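The values are calculated or read from the model by the stated rules, or taken from the named source; none is laboratory data. All figures in this text were calculated on a predicted structure; none of them were measured in a lab. Cβ coordinates were reconstructed from backbone atoms using ideal geometry, including for glycine residues, and neighbour counts include every protein chain displayed.
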């Protein structure tokens, strides 16, 4: 799974389960709303240990600020931010990576069948 695929899957998680600010996630069963960081990290948890799990979060953080990870938290928690803006930014960064033909995370780390188990 490449970094762009991780970001698209994170947007799918937020679309399906909801988005929140300040707090990462609020578990309410099998599906729960997530902040942008938690959505990216939840997708990354599917990747085998040997895979690079930093590419997607680093790319997103760079797109929204200059401080790794902290920029993404600040951006997510900006007053007035919306779920639609979050999903749009995740998809925009993913598209930018695809356009640059980025392969930060090898595409064979997780196959489509494994992703469908988490994102049915």
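Among the residues that make up segment 96-115, is at least one of them out of contact with any strand residue (DSSP E or B) (no Cβ under 7 Å at 6 or more places or on another chain), crowded, with 20+ Cβ neighbours inside 10 Å and modelled with pLDDT of 80 or more? Quick ask: steps written out before the conclusion?
Looking only at segment 96-115, we keep the residues that are out of contact with any strand residue (DSSP E or B) (no Cβ under 7 Å at 6 or more places or on another chain), and these are 96-115.
Next, from what is left, pick out any that are crowded, with 20+ Cβ neighbours inside 10 Å: 97, 105, 109-110.
So of that shortlist, the ones also modelled with pLDDT of 80 or more come out as 97.
Within segment 96-115, one or more residues are out of contact with any strand residue (DSSP E or B) (no Cβ under 7 Å at 6 or more places or on another chain), crowded, with 20+ Cβ neighbours inside 10 Å and modelled with pLDDT of 80 or more.
A quick yes/no check of all residues on (1) at pLDDT 90 or above; (2) in a helix (DSSP H, G or I); (3) surrounded by fewer than 22 Cβ atoms within 10 Å (Cβ to Cβ); (4) touching a strand residue (DSSP E or B) at 6+ places or on another chain (Cβ under 7 Å):
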position: 1; (1), (2), (3), (4): no, no, no, no
position: 12; (1), (2), (3), (4): yes, yes, yes, no
position: 22; (1), (2), (3), (4): no, no, yes, no
position: 29; (1), (2), (3), (4): no, no, yes, no
position: 39; (1), (2), (3), (4): yes, yes, no, no
position: 75; (1), (2), (3), (4): yes, yes, yes, no
